[in-house]
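Just so it is clear, none of the values below were taken in a lab; they were calculated from the coordinates. Just so it is clear, the model here is predicted, and its values are computed rather than measured. Note that each Cβ is placed from the backbone with ideal geometry, even for glycine, and that neighbours are counted across all protein chains shown.
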Amino acid sequence: YEMDAYSNANGKLLLANLPSETQATIFKKITLIPHTPFTVTDRAAFQQQLDLLRGQSVVTERDEDILGHCDIASPVYDHMGNCCSAVSIVCTATWKPGTIPINPFCCKLQKTFPEKWGFTAHGKPPRI
């Protein structure tokens, strides 16, 4: 199953953290097709959303790609401090912030996974 980068938390997080020139090049090639009534399809609104998401430690999406689908993503930074990937958790859209502590779990994944690969969650070199 493939998801469009503009309708899920991982894709939005990665797009938001690209260098501006790269982001602009990719953004020109994206057609914002609605998957649900909640998919952002207005280019100006989507760009504004990316601007707000840049540098965030947790990004969420609800019902934009599939109704009933919610995902939460956190960035992973390489040794140079660049966002190189993301970790995410997918759950049902009935999840509400504060009901199950998913954000701390996602942040723990954000820290532990990359350190195993030699990267860090905060763009600092891993401790050896």
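Summary of values
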read-out	value
Environment charge of residue 64, counting only residues whose C-beta is closer than 14 Å and scoring Lys/Arg +1, Asp/Glu -1	-4
Distant alpha-carbon pairs in the stretch 1-93 (separation over 16 angstrom), percent	52 percent
